[in-house]
Structure formats: C-alpha cells, structure tokens
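Structure first, then comments.
The values are calculated or read from the model by the stated rules, or taken from the named source; none is laboratory data. What you are looking at is a predicted structure, and each value in this text was computed from that prediction instead of being measured. Every residue, glycine as well, gets a Cβ built from its backbone with ideal geometry; the counts of neighbours run over all protein chains shown.
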Amino acid sequence: PFDVLIVGGGPAGAAAAVYAARKGIRTGVVAERFGGQVNDTLAIENYISVLETDGPKFAAALEAQVKHYGVDIMNLQQAVRLVPAEEEGGYVTVELANGGTLQSRAVILSTGARWRNVNVPGEQEYKNRGVAYCPHCDGPLFKGKRTAVIGGGNSGVEAAIDLAGIVQHVTLIEFNDTLKADAVLVSKLKSLPNVTIITHAQTTEITGDGQKVNGLRYKDRATGSEHHIELEGVFVQIGLVPNTEWLKGTVDLSRFGEIEVDAKGHTNVAGVFAAGDCTTVPYKQIVIAAGEGAKAALSAFDYLIRTPMP
Ligand code: FAD
C-alpha cells in the first residue's frame, strides 16, 4: 500500500508526486497517459521561468523529475472506482480498469479535463495548426491575424474579448439565436470595433490549405444558407469537461462535474484530495495545476501525520 496515491499524471499529479516523495513517504502515480494535456500542446510560453518549451519536452521533464524521487509510476492505467476508507485514517481503495486495486491512506485526484470538440471536418486535422482551445495559451500566436471563436457562453465571449485586444479581427459564432454569456460581457463584446457576432449559426467545417486553417464554413440556421469566412485561427469554446465521471456519487462534484475542493485541496471524503483542471479551482493552466498539486500533497502529508491508523 501507499501513503499517497495520485490518480492522474499531468502537471498537477506530477507536482503532487514530487512534493509527496520529498517527504520520504511511499508515493505512487497512476495515469492513463503520463504528461496529460501538455502532450497535445505545441508551444508553451507561459510557464514561469521557462521562456519557451513544447508539450512533449515539458511532459518528459515532468516524468524525469517524478522518477528522480523514486515514485512508482503506473502509466497507461485507468482508474474506474474510488472506495473511501471505512474509517478516517484507513485505506482508500482505487480500482483500475485492468481489474487491479491499489490502496493508499491518502489519495490525490488530478485527472484533469478535456475540451469539448465541435466535431466538424477540419477540427482534428488542423488542431494546433490554427484550431486552438485556450486563448490564454495560444492567443498571442494569432497576433494581427483573423480569428473566430465558436461558442457564445461566458468562456466564448471572454475569449473573444481577450483575443480582440491581440488579433486583427474576431468573429464570434453562436449556435443559438442569443449569446448565453453574462450581460456585462456581451455589452463589452458589442462595444469592441473589431468584433463581428453571428448568432443562429451552425459551424459545418473548418477549412484549410492542407497545412493550416484558412477559414470556417457555417450554415445560417434561419435561412439554411451556407457562408465561408476567411481567417487564420479558430478557438473552440464550447466547454471544458472534467475527467470525473468515475467519481460521481462518491466525491462531491459541482454542476459542471468539477471536484469540489476547499482552499487546501480537501474533498468531502476523508483522506481524498484533488488538484488541477478536474477541480473547482478557476483558470485551467499548467502553472496553476502544478501549484495546486503541490498544495494537495502538503495537505495530504498534514493529514497523514495528524490522523492515526484506525
Ligand atoms: P491534465 O494535464 O489533464 O492531466 C490529467 C492526467 O490524468 C493525465 O495523465 C490523464 O491521462 C490522467 N487521467 C484522467 N482520467 C484518468 C483516470 N480515470 N485514471 C487514471 N488517469 C486518468 N496551459 C498553459 O498553462 N499553457 C499553455 O500553453 C497551454 N496550452 C494548452 C494547449 C492545449 C492544446 C491544451 C489541451 C491545453 C493547454 N493548456 C495550457 C492547459 C493545460 O494543459 C492544463 O491546464 C494542464 O495540463 C492541467 O493539468 P492537470 O494535471 O490538472 O490535468
């Protein structure tokens, strides 16, 4: 059994593993894909102290540091069930898809999240070649260029406002006939000179020249007419889905499926902590996930030294 078992091997899980292992306690990481979302990232330019790196390099650096401390990494393993300890201080059980079970006195959940896709032709083909999901991350790559944002909820409208300050022009595409975002954001968006809002529009294709994005095709849902806009970038903002389906009914989740955590990363289950994109902590970024992972590990250590075995 472990003292601390971390489920998820992205930046949050890796930071938790380093912090836990440095306390000299038995630490394990189980991950479907070690590295997490950064594996799918091209340039990373906002991790503090690192001017520029790329996703695979960053993921390899995470793994090297975790291995340096002798952490037991169980890669390519999916956790499917969490069973709380019978009594506080006892062992929490994590069941794996391969039928195995792992036991640990403290568990840190850091299973991250995934961006919801629009599922139109061109989206997969041009991912990282004009199709982007994170305006904080990739906005500056489109400086002076034309972009679209798909989605008129709060995240889409915030992204459009953010991008309008960087790029040449933003077209916001919303499926419904009104924007669902807060009124204050919508009026801010409407005040910007380089933004066009198109509602009641269904994106049908992200077009490209074989190398990169060159436009977006949509259907006017009122008239059925097809339109094509020429642009260089498309930000898909139709939701970030936490990887927490397997925890439903065991750990308290928000209405968006995010694990509810307090300021120290505690969940509602004794001995179970959470960190990173899978939690209610706002702003889903590498530097934030890493900080939260470190915090959860320190909270787990605090729990271990204060809570006797039953
Ligand atoms: P994740 O990175 O999502 O890691 C989750 C881990 O949990 C993975 O190892 C996964 O395999 C594992 N897992 C999930 N479910 C299970 C399960 N049931 N059992 C076992 N393991 C499981 N942020 C920035 O700061 N800068 C950027 O430039 C940037 N660019 C981005 C570009 C793209 C294309 C994307 C998708 C994201 C980008 N982000 C960027 C966001 C950043 O990647 C995330 O905020 C960060 O990776 C979150 O870390 P995490 O550890 O919480 O989760």
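In the list 129, 105, which residue meets the criterion of being of a type in the set (D, E, K, R), more than 10 Å from the ligand (Cβ to nearest atom) and either touching a Phe, Trp or Tyr at 6+ places or on another chain (Cβ under 6 Å) or assigned to a strand (DSSP E or B) (or both)? Going through 129, 105 in turn, just one is of a type in the set (D, E, K, R), more than 10 Å from the ligand (Cβ to nearest atom) and either touching a Phe, Trp or Tyr at 6+ places or on another chain (Cβ under 6 Å) or assigned to a strand (DSSP E or B) (or both): 105.
Only one residue in 286, 305, 238 is farther than 22 Å from residue 83 by Cβ and in contact with a Pro (Cβ under 6 Å, 6 or more places away or on another chain). Which one? Result: 286 is the single residue among 286, 305, 238 that is farther than 22 Å from residue 83 by Cβ and in contact with a Pro (Cβ under 6 Å, 6 or more places away or on another chain).
For (1) among the hydrophobic types (A, V, I, L, M, F, W, C); (2) in a helix (DSSP H, G or I); (3) more than 7 Å from the ligand (Cβ to nearest atom), each residue gets a yes or a no:
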{"position": "18", "(1), (2), (3)": "yes, yes, yes"}
{"position": "24", "(1), (2), (3)": "no, no, yes"}
{"position": "33", "(1), (2), (3)": "no, no, no"}
{"position": "37", "(1), (2), (3)": "no, yes, no"}
{"position": "48", "(1), (2), (3)": "yes, no, yes"}
{"position": "51", "(1), (2), (3)": "yes, no, yes"}
{"position": "57", "(1), (2), (3)": "no, yes, yes"}
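For the structure I just gave you, tell me whether residue 28 is buried (at least 18 other Cβ atoms within 10 Å of the Cβ) and within 11 Å of the ligand (Cβ to nearest atom). Against the criterion (buried (at least 18 other Cβ atoms within 10 Å of the Cβ) and within 11 Å of the ligand (Cβ to nearest atom)), residue 28 does not qualify. Taking the criterion of being of a type outside the set (A, V, I, L, M, F, W, C) and touching a residue at least 12 places away in the same chain (Cβ under 8 Å), the residues of the stretch 187-203 that qualify are 188, 194, 196, 199, 200, 202, 203.
Going by what's in this entry, would residue 13 be described as small (Gly, Ala, Ser) and either surrounded by fewer than 16 Cβ atoms within 10 Å (Cβ to Cβ) or within 9 Å of the ligand (Cβ to nearest atom) (or both)? Walk me through how you get there before you give the answer.
Values: small (Gly, Ala, Ser): yes; either surrounded by fewer than 16 Cβ atoms within 10 Å (Cβ to Cβ) or within 9 Å of the ligand (Cβ to nearest atom) (or both): yes.
Criteria met by residue 13.
Annotation: of all residues in the stretch 82-98 being within 14 Å of the ligand (Cβ to nearest atom) and loosely packed, with under 14 Cβ neighbours inside 10 Å, the one that is nearest to residue 240 (Cα to Cα) is 97. Taking the conditions (1) acidic (Asp, Glu); (2) in contact (Cβ under 8 Å) with a residue 40 or more places away in the chain; (3) within 12 Å of the ligand (Cβ to nearest atom) in turn, residue 245 satisfies each one other than (2).
Only one entry of 17, 64 meets the criterion of being more than 17 Å from residue 271 (Cα to Cα), at pLDDT 95 or above and among the aliphatic types (A, V, I, L, M), and that entry is 64. Please go through the stretch 108-117 and give me each residue that is in a loop (DSSP other than H, G, I, E, B) and surrounded by fewer than 23 Cβ atoms within 10 Å (Cβ to Cβ), ordered by number. Listed by number, the residues that qualify are 116, 117. Looking at the stretch 228-251, which of the residues that are loosely packed, with under 14 Cβ neighbours inside 10 Å and among the acidic types (Asp, Glu) is nearest to residue 94 (Cα to Cα)? Filtering first and then ranking leaves 245. Under 6 Å between Cβ atoms, which residue pairs at least 6 apart in sequence (or on different chains) link something in the stretch 141-153 that is buried (at least 24 other Cβ atoms within 10 Å of the Cβ) with a partner that is polar (S, T, N, Q)? The qualifying pairs are 148/171; 149/237; 150/203; 151/237.
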